[in-house]
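The block underneath contains the structure these notes are about, expressed in structure tokens.
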């Protein structure tokens, strides 16, 4: 999972660094409430939050599993005015104020530090976002970041008219596995199976988030 994380981050950052993103930095993105730069800043935050996770103190926090994290996530299904969604947008926009070149340079330095640190970890260490009320394993935390990279890379690519970047197959499999589990939990297994395999019986929305 550690190598998948590094691969996902590198692919997403290549998109953030692309000329179409820099040219559209101040424009509204395809994701309501975000500018293109703000959305790029949110993608970059998935690197910086991992660097914080590697050095965080999680003593005394309850440790939970990956899907319990998503069950507790306040942003799932919440409106745009939700406190956490507002904080996420404000954080992305604050990061974007440095401009595209500075944001990318700072994030690549952070990713290099993360990449250097990860081989010394076994993935089962207690970790997570220091701002969460609970903790997860390091590998589970990295899965949540991989999902963010994949989903928001599509948002960013759509915002500037670029194709969604092609992630390494194992990276994409990780994101697709989580989205599939979350979708089935929300809509039921039958809805998911029919949407993916039987167009004549497919229903409506099967979104996971």
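The values are calculated or read from the model by the stated rules, or taken from the named source; none is laboratory data. All values derive from a computational prediction rather than experimental measurement. Backbone-built Cβ (ideal geometry, glycine too); neighbour counts: all protein chains shown.
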**Request:** Run residue 177 past the list (1) in contact with a helix residue (DSSP H, G or I) (Cβ under 9 Å, 6 or more places away or on another chain); (2) part of a loop (DSSP other than H, G, I, E, B); (3) surrounded by fewer than 18 Cβ atoms within 10 Å (Cβ to Cβ) and report the number of the one that doesn't hold.
**Result:** (2)
**Message:** Quick check on my filter: what residues within region 94-120 are part of a helix (DSSP H, G or I), within 16 Å of residue 22 (Cα to Cα) and over 20 Å from the mean Cα position of the chain (by Cα)?
**Reply:** 101, 102
**Prompt:** Of all the residues that make up region 68-85, how many are closer than 17 Å to residue 180 by Cα, exposed (fewer than 13 other Cβ atoms within 10 Å of the Cβ) and at pLDDT 75 or above?
**Reply:** 1
**Request:** Please determine, by comparing only the residues of region 180-205 that are in a loop (DSSP other than H, G, I, E, B) and in contact (Cβ under 8 Å) with a residue 12 or more places away in the chain, which one is farthest from residue 40 (Cα to Cα).
**Result:** 203
**Prompt:** If only one of 41, 65 is within 17 Å of the chain's Cα centre (by Cα), modelled with pLDDT of 95 or more and on the phi < 0 side of the Ramachandran plot, which one is it?
**Reply:** 41
**Item:** Lone unmet requirement of (1) surrounded by fewer than 13 Cβ atoms within 10 Å (Cβ to Cβ); (2) on the phi > 0 side of the Ramachandran plot; (3) touching a residue at least 60 places away in the same chain (Cβ under 8 Å) for residue 128
**Value:** (1)
**Checking residue 31 against (1) at pLDDT below 95; (2) part of a helix (DSSP H, G or I); (3) surrounded by 20 or more Cβ atoms within 10 Å (Cβ to Cβ), the condition it does not meet** = (2)
**Message:** Here is a list: 91, 123. Which entry is under 28 Å from residue 182 (Cα atoms), free of Cβ contacts under 8 Å to residues at least 60 places away in the same chain and either assigned to a helix (DSSP H, G or I) or touching a helix residue (DSSP H, G or I) at 6+ places or on another chain (Cβ under 7 Å) (or both)?
**Reply:** 91
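Does residue 103 meet the test of being crowded, with 18+ Cβ neighbours inside 10 Å, touching a helix residue (DSSP H, G or I) at 6+ places or on another chain (Cβ under 7 Å), closer than 30 Å to residue 24 by Cα and at pLDDT 95 or above?
Yes, satisfied.
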**Message:** Being closer than 23 Å to residue 12 by Cα, within 16 Å of the chain's Cα centre (by Cα) and outside any helix (DSSP H, G or I): is that true of residue 166 here?
**Reply:** yes
**Fill in**
Selection over region 180-204 where residues are over 24 Å from residue 32 (Cβ atoms) and loosely packed, with under 13 Cβ neighbours inside 10 Å yields a count of 9
**Message:** So if I check each of 172, 149, which one is within 18 Å of residue 3 (Cβ to Cβ), within 20 Å of the chain's Cα centre (by Cα) and either part of a loop (DSSP other than H, G, I, E, B) or touching a residue at least 40 places away in the same chain (Cβ under 8 Å) (or both)?
**Reply:** 149
